[in-house]
Amino acid sequence: MHHNRTTPPICSGTNAAELFEDRLLSRSEVQAYFGLKKRFLEVAASRGDGPPMLRIGRSVRYRVGDLRDWIEARRVTCSAGEVQQ
């Protein structure tokens, strides 16, 4: 008997704001919901400067809350030609 071990599908029409904080996403799902390219995630993971990830067997997953925190930590505000973080 074959069991599907992939993450359950996200309902059609769901956007990133509606995802639960603890939901685990594949790189393809991160790309679809957060706009971070799969290749960027792969390279950033190898450099150690990407969003936190979980390794489950051979699979890589990203927690929605971690992605939001990682993105928010990179927010840059600009005023009068000066960049501040």
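The values are calculated or read from the model by the stated rules, or taken from the named source; none is laboratory data. All of these numbers come straight from a predicted model, not from anything done at the bench. We place every Cβ from the backbone using ideal geometry, glycine too, and count neighbours over all the protein chains shown.
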Which pairs have Cβ atoms under 7 Å, sit 6 or more apart or on different chains, and link a residue in region 31-44 that is surrounded by fewer than 16 Cβ atoms within 10 Å (Cβ to Cβ) to one that is in a helix (DSSP H, G or I) and charged (D, E, K, R)?
-> Lys38/Arg27
Which of the residues belonging to region 45-76 are buried (at least 16 other Cβ atoms within 10 Å of the Cβ) and either among the basic types (Lys, Arg) or more than 11 Å from the chain's Cα centre (by Cα) (or both)?
-> Ala45, Arg61, Arg63, Arg68
All but one of (1) at pLDDT 95 or above; (2) assigned to a loop (DSSP other than H, G, I, E, B) hold for Pro8; which doesn't?
-> (1)
